[in-house]
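Only the coordinates and a few stated rules stand behind these numbers; no lab work does. In this text, all values refer to a predicted model and were calculated from it rather than measured experimentally. Backbone-built Cβ (ideal geometry, glycine too); neighbour counts: all protein chains shown.
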There are 2 protein chains.
Amino acid sequence: MPAPKPSELAFIRFVSVENMMRLVHSIGVETVLKDLARYLEDDFRRWDLFDKTPRVAAHSEDGVIELMPTSDGVSYGFKYVNGHPKNTKSGLQTVTAFGLLARVDTGYPELLTEMTLLTALRTAATSAMVARHLAPKGATTMAMIGNGAQSEFQALAMRAICGIDRLRLYDIDPAATAKLVRNLSGLGFDLTACKTAQEAIEGAQVITTCTADKQYATILTDNMVGAGVHINAIGGDCPGKTELHGDILRRSDVFVEYTPQTRIEGEIQQMPADFSVTEMWQVIAGAAPGRTSDRQITLFDGVGFAIEDFSALRYVRDRLEGTGFFQSLDIIADPDDPRDLFGMLTRAGASSAGMQREGATL
Amino acid sequence: MPAPKPSELAFIRFVSVENMMRLVHSIGVETVLKDLARYLEDDFRRWDLFDKTPRVAAHSEDGVIELMPTSDGVSYGFKYVNGHPKNTKSGLQTVTAFGLLARVDTGYPELLTEMTLLTALRTAATSAMVARHLAPKGATTMAMIGNGAQSEFQALAMRAICGIDRLRLYDIDPAATAKLVRNLSGLGFDLTACKTAQEAIEGAQVITTCTADKQYATILTDNMVGAGVHINAIGGDCPGKTELHGDILRRSDVFVEYTPQTRIEGEIQQMPADFSVTEMWQVIAGAAPGRTSDRQITLFDGVGFAIEDFSALRYVRDRLEGTGFFQSLDIIADPDDPRDLFGMLTRAGASSAGMQREGATL
């Protein structure tokens, strides 16, 4: 007797790191970033519709493990993500992530995917989508302070979505800047490696801060920042981790993803609880102004929100159709009679016992 | 140039439904249930140590999707589980589940597994582990009211762990009872199919109620229950779903897993907020009495708690060692240089472009 075959319903699509890379290359990195920005903008526009549960965090001495769920009423998604600053020392990633998309009507999972790469892509697409609304018109130059794992993605997204192709680079570790220059060489950017943060922001209309230390740092001080710039502050994303001097926040109009989360995790954790911010979805939906003058400093205090992962999961699900860039995982027990889970188990046992008697391997 | 191979660190073990069935059969179902009861008892004994986050639920008209995380400081686990009562009508499972175990020190996932079968096993092992502490000594007979997907597992666990081998069966649907009789025939049980719940509980020292309707039902009324029995009430496990008349609860000593959750989901949702209960871990740790007299009615108001899933995940992880009952999933992006995620992506692209030029398939 052959082993009972699981039905179609028992399978979900799994996108490994390798398949994610294949998928991204088959589409093209910059096209993926532009597509993601479109998916993100669609979801920001219908922001009200989403379940906005705060992340569920398990803290330890070494780091944090978080679950970030959300739902639009049709699909349900969550991301598992860890943050372990010391991992780098033992050759491990500081942040790893995977995500899942399920159907709300049946509760059945439909997609499981790596999200380390996907998060890097969606973070960059979010920054650029926001900059498209807030950066001064005609911006061509970005200072990039912090040249780690996220920096290349930021650069490509800012060019693909905002037309910024001149980059001024600074990192406390020159090796990080050298890596960034190496990775972006030959891709048509105008690259300048700088010796200080101050030097990097000279002439830049957009300033991206993206450093990794989990501590109150002051990457930018007030006197460094001139009128009219857009600051894309994405490195401060947990309690105790900020990058900007409070005075910069006071001079800026601050835009956030989801206020309750950003007050805990973002740059504005330094400010009083009633410090005025605008949620970015309101700008995109036309319910609140974005940039209103040439002299205004706009500041995106980005920490990453579950809805952005949801957009990214939707995108991957949709783009997988017709490709072979996934494996099928038999993760759902699917007996012929839903009340007969035990029968499914015993029949599988009888069948594998039969196979063993016939000398077949399991 | 060959595609860069992901390192060992990039992989987690995945146990499909098929591999879970193979693993269970290779060990033997009753041995698995006994082993699980031991893992459960170990974790109940160190209950205080665990993070006890409430489940994170996303409700919709059709059902609920929940994440149930917990951690003992060394490992972190969570279960994804849905509950969609209408699924049965379209040939789908009402409840499906999968789970994950990760290392707290690095945040790296180590095990992903189906948990539909595993939850059925851990639920039965929990019931029997509790009954071993609370059921009257020398109990031989169990009434089983509700003969659905969980019933066979309950029967096997109660025999393996408590020595109960006489079963009196009742379900409003005689076909469910017929299925249960068919599945347990030839396994050495003394089986009696009954026409009413009243008839089923005659002479039983243990009464298991395990029905599936999501509504306030009264499977047992007060006058049906005699002195000295142990009631294992596991069917009422969400708001609006109970099985027992309130008068039975008032006559019983009620034992629960985790009081805040059980007051919302369990039988005691019918009772005032200060209704007295004992947490089962206290009994197991010797900090509270279990059964104290022959006439006492003990009642386990079981709803299922994250720590039980954690025990089950630990067990599977440990028992996988040295078997081939898993697949390796490449779910963690693992660049040689953790800061060079983009370099990993471009090198993979160069490599796959090379493969395409050589006409190799992806």
Placing unit charges on C-beta atoms (Lys and Arg positive, Asp and Glu negative, everything else neutral), compute the dipole magnitude of segment B:268-352 about its Cα centre in debye, rounded to 20. 240
Just to verify a number: FRET efficiency for B:GLU30 and A:THR218, C-beta to C-beta distance, R0 = 60 Å, to 0.05? 0.45
With no solvent and one point per C-alpha, what does the Debye sum give as log10 I(q)/I(0) for segment A:115-190 at q = 0.14, 0.15 Å⁻¹? -0.42, -0.48
Here the net charge surrounding B:ARG46, from other residues whose Cβ is less than 13 Å away from its Cβ (Lys, Arg +1; Asp, Glu -1), is -3
Let's test the formula: R0 of 45 Å, r as the Cβ-Cβ distance of B:THR196 and A:ASP274. What FRET efficiency results, to the nearest 0.05? 0.10
When each copy gets a label point 7 Å from Cα toward the beta-carbon at B:GLY138, what are the spacings between them in nm, shortest first? 9.7
Given charges at Cβ of Lys, Arg, Asp, Glu: the protein assembly as shown dipole, positive-most of A:ILE332, A:SER75, A:ILE231: A:ILE332
Other residues with Cβ under 13 Å from the Cβ of B:MET280 give, with Lys and Arg +1 and Asp and Glu -1, a net charge of -4
Angle check, please: helix A:174-184 long axis (alpha carbons) against the longest principal axis of chain A (alpha carbons), in degrees 0 to 90, nearest 10. 70
Which Cα, out of A:SER60, A:THR94, A:VAL130, lies furthest along the positive dipole direction of segment A:52-186 (beta carbon charges, K/R +1, D/E -1)? A:VAL130
List residues of segment A:118-147, by number, whose backbone nitrogen lies under 12 Å from a label position 7 Å along Cα→C-beta of A:THR88. A:146-147
If you average the alpha carbon positions of segment B:103-127 and of segment A:238-310, how far apart do those two centres end up, in angstrom? 39
At 0.36 nm per residue, minus the direct Cα-Cα distance, what do A:ARG45 and A:ASP173 gain on full extension? Give it in nm, one decimal, please. 42.2 nm
Dipole in debye (nearest 20) - the protein assembly as shown, about Cα centre, beta carbon charges: Lys, Arg +1; Asp, Glu -1: 620
With no solvent and one point on each alpha carbon, what is the Debye value of log10 I(q)/I(0) for segment B:1-146 at q = 0.10 Å⁻¹? -0.47
Write down, largest first, the equivalent ellipsoid semi-axes of the protein assembly as shown in whole Å, where each equals the square root of 5 times an eigenvalue of the alpha-carbon gyration tensor. 53, 28, 21
Crossing angle, helix A:151-162 versus chain A [Cα axis fit, 0-90 degrees, rounded to tens]: 80
Nm distances between the label at A:SER185 and the same-position labels in the remaining copies, 7 Å along Cα→Cβ, shortest first? 7.7
Extreme residue, positive dipole direction of segment A:137-304, given options A:LEU167, A:ILE145, A:LEU249 (C-beta unit charges): A:LEU167
Rounded, prolate or oblate: which one fits segment A:137-304, using the alpha carbon gyration tensor with axes a ≥ b ≥ c (rounded when a/c is under 1.5, else prolate when a/b beats b/c, else oblate)? prolate
Using a 7 Å offset from Cα along the direction of the beta-carbon, what are the separations from B:ILE27 to the same position in each other copy, nm, ascending? 4.1
Nearest 10, in degrees from 0 to 90: the angle of helix A:17-27 to the longest Cα principal axis of chain A is 60
Pairs beyond 22 Å (Cα-Cα), from B:LYS89/B:LYS179; A:LYS52/B:LYS79; A:LYS52/B:LYS86; A:LYS89/A:LYS241; B:LYS34/B:LYS179: A:LYS52/B:LYS86; B:LYS34/B:LYS179
Calculate the translational D of chain A in whole µm² s⁻¹ from Stokes-Einstein, where the hydrodynamic radius comes from the Kirkwood formula applied to all Cα pairs, the temperature is 4 °C and the viscosity 1.567 mPa s. 59
For chain A, give the magnitude of the charge dipole about the Cα centre (Cβ charges: +1 Lys/Arg, -1 Asp/Glu; no others), in debye to the nearest 20. 560
